[in-house]
Amino acid sequence: VKMTRESSGLPVSIKIRTDPDLRETLRLTRLAEEVGVSFITLHGRTALSKPSDPVDFDAIRLVREHLRVPLIANGDVKQLQDVYDIFSSTGADGAMAARGLLVNPAMFSGCDQTPTECVNDYVHAALQLGTRFEIFHKTLEWMLCEVLNKSDRIHLNGCVSVAGVLEFLRARGFDFQPSERLLPLV
């Protein structure tokens, strides 16, 4: 951290998970602070935790209370309201979302699930940019997992080509026309 910050002059951050022994988490975050980290992102699950295990927001709050640098809370951000709840319960300076944004890229705009417009924009951009099929397909599976019924999710999962995915989506009303919000692609 120190060498990177000194040589680049840029902000440097780290992301860690809580340790089962919170004293170790505190030690590590204080050390990072001492060597000049700009901010820390802390996931409220340990490295051995399962995604279904609860996030330890008390641990995030404890670390926040002992740091001078900004702390970003990570874990179980699935809706915009989760961000406000995390701020309230932990005092964190920010929130990071991972799976929540894969499932709903429009989450921070307040949408409860991926809007059709978002899927159309993604398909348009992915095709224009030549996104590899595996990434294109998996991203759509994430984006549509709460939009499609089980039968349609299984059907989408079974698509093996871009043409097959596009045919599947067209049959369900997607038109791939970019919205006005989509920035021009290079």
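Annotations
- Remark: the chain carries a charge dipole of roughly 380 debye about the Cα centre, counting +1 on each Lys and Arg Cβ and -1 on each Asp and Glu Cβ.
- Counting Lys and Arg as +1 and Asp and Glu as -1 over every other residue whose Cβ lies under 13 Å from the Cβ of PHE87, the net charge comes to -1.
- Relative contact order %, the stretch 1-99, counting alpha carbon pairs below 8 Å whose residues are six or more apart: 24
- Kirkwood Rh in Å, taken over all unlike Cα pairs in the chain: 18.8
- Each residue of the stretch 2-100 gets 99 Å³ once the volume of the Cα convex hull is shared out per residue.
- Distant-in-sequence amide H partners of ARG17 (H built 1.01 Å from N, under 5 Å): HIS43
- Length available on full extension from ASP21 to SER7: 0.36 nm per residue minus the Cα-Cα distance, which gives 1.7 nm.
- Taking the Cα centre of the stretch 26-114 as origin and assigning +1 to Lys and Arg Cβ atoms and -1 to Asp and Glu Cβ atoms, the resulting dipole is close to 200 debye.
- Rg over Rh [alpha-carbon atoms, Kirkwood Rh] for the stretch 46-156: 1.06
- Residue-normalised accessible area of the chain, given per residue in Å² at a 1.4 Å probe: 60
The values are calculated or read from the model by the stated rules, or taken from the named source; none is laboratory data. Only a predicted model underlies this, so the values are computations on that prediction, with no experimental measurement involved. Counting neighbours? That spans all protein chains shown, and the Cβs are built from the backbone with ideal geometry, glycine included. SASA here: full protein model, heavy atoms, side chains in, ligands and nucleic acids out. Shrake-Rupley method; radii C 1.70, N 1.55, O 1.52, S 1.80 Å.
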